[in-house]
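The structure appears right after this line, and notes come after that.
The values are calculated or read from the model by the stated rules, or taken from the named source; none is laboratory data. Since the structure is predicted, the reported quantities are computational estimates derived from the model, not experimental observations. Every residue, glycine among them, receives a Cβ derived from its backbone with ideal geometry; neighbour counts consider all protein chains shown.
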Amino acid sequence: MLVCSRKCGGTLFRAVFAEVDVDSAGEYQDHRVTQPGYICLNCGAPALDLAQVPGELEAEAQAEEAAASVTADILCPVCETMVQLDANMECPNCGSPLEVPRLP
Ligand SMILES: [Zn+2]
Ligand SMILES: [Zn+2]
């Protein structure tokens, strides 16, 4: 799933970091890409691996989700009970509405 970053329409790409296995006659046997990195053979621009992008976005979204669900300990202003919150809710002790302090 490689595309040219200049969208030149090229369909051939070269892996920049690849190892090629050859036999004793120097004939190509196998290869592996050691690091993601490709260039478009048509125009020489870096190529983007579309298969990689959604995975990265998903990982980012999961990280954001994890950060958003971090619980906060706040002190109830009425009964001074320490309450653990992950969303706006009421104090379990006295029923006062509590608000999670928002970070700027
Ligand atoms: Zn290109
Ligand atoms: Zn309370």
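In summary, LEU41 fulfils each of the numbered conditions (1) modelled with pLDDT of 95 or more; (2) under 27 Å from the mean Cα position of the chain (by Cα) with the single exception of condition (2).
Taking segment 1-33 as the range and being free of Cβ contacts under 8 Å to residues at least 40 places away in the same chain and in contact with an Asp or Glu (Cβ under 6 Å, 6 or more places away or on another chain) as the test, the residues that pass are ASP21, GLN29, ASP30, ARG32. A single member of GLN52, GLN62 is more than 30 Å from GLU99 (Cβ to Cβ) and modelled with pLDDT under 80, and it is GLN52. Considered as a group, the residues in segment 1-37 that are of a type in the set (Asp, Glu) and in contact with a strand residue (DSSP E or B) (Cβ under 7 Å, 6 or more places away or on another chain) include one that is nearest to LEU48 (Cα to Cα), and that residue is GLU19.
Scan segment 1-39 for residues that are charged (D, E, K, R), on the phi < 0 side of the Ramachandran plot and outside any strand (DSSP E or B) and the total you get is 3.
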